[in-house]
1. Could you run the Karplus curve 6.51 cos²θ - 1.76 cosθ + 1.60 with θ = phi - 60° over the stretch 99-112 and give me ³J(HN,Hα) per residue in whole Hz, x for Gly and Pro?
2. What is the distance, in nm, between label points placed 7 Å from the Cα along the Cα-to-Cβ direction at ALA136 and at ALA79?
3. So between GLU123 and ARG54, what do we pick up on full extension, going 0.36 nm a residue minus the alpha carbon distance?
4. Between LEU31 and ARG97, what length in nm is gained on full extension when 0.36 nm per residue of separation is reduced by their alpha carbon distance?
5. Going by average Cβ neighbours within 10 Å, how do the peptides 126-139, 72-85 rank, with the highest at the top?
6. Going highest first, how would you order 91-100, 106-115 by mean Cβ packing within 10 Å?
Amino acid sequence: GGPNAWADPAALDGEPRGRHRTTPLSPFDSLIWERARAERVFGLSHRLEAYVPRDKRVHGYFAMPVLAGGRIIGRVDPAREGATLVARQVGFEPGARARDAEAMSDALWEAASWVGCTAVRVERVGTPELEAPLRAAVARGSHR
């Protein structure tokens, strides 16, 4: 809590221990809606862009930060077309690695299960070096 919340940077950089959830977070999730705290804890500067003119949006209409291994690894702007969850836009945070593409895929399939979707389609990926690994992971995810 409070302005004096602190975390050991070495602990944050290490491998996560214990159980960690991989999941998209609603922009209204209590973990991130308090913007100053989200910035302090996750280094995340996030705002809902639904009211931002389309051509000025950075992450998408209803971008959801994705939590994995205790870190925010990126964001996804989801939509639904029939039984397909559509990731209209996927972006990864700076320093993202190949395993973050796997985690993003897990988060997309998790979100698909919430809304009864049986397929996931990725449209735009804003991080070129992770586009192929993400698309491959999403394709593999359909066989689970």
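FYI, it's all coordinate maths here, none of it is from the lab. The shown structure was predicted, so the numbers you read here are calculated from the model rather than taken from an experiment. Cβ placement follows ideal geometry from the backbone for every residue including glycine, while neighbour counts extend to all protein chains displayed.
1. Rounded to whole hertz, the list is 5, 6, 5, 4, 5, 4, 4, 4, 5, 5, 5, 4, 4, 4.
2. Label-label distance for ALA136 and ALA79, simple model: 2.8 nm.
3. Details: separation 69, 0.36 × 69 = 24.84 nm, distance 1.65 nm.
Residue separation times 0.36 nm, minus the Cα-Cα distance, leaves 23.2 nm.
4. 21.4 nm
5. Listed from highest to lowest mean packing, they are 72-85, 126-139.
6. Numbers: 91-100: 15.5, 106-115: 18.3.
So the peptides 91-100, 106-115, ranked by packing, come out 106-115, 91-100.
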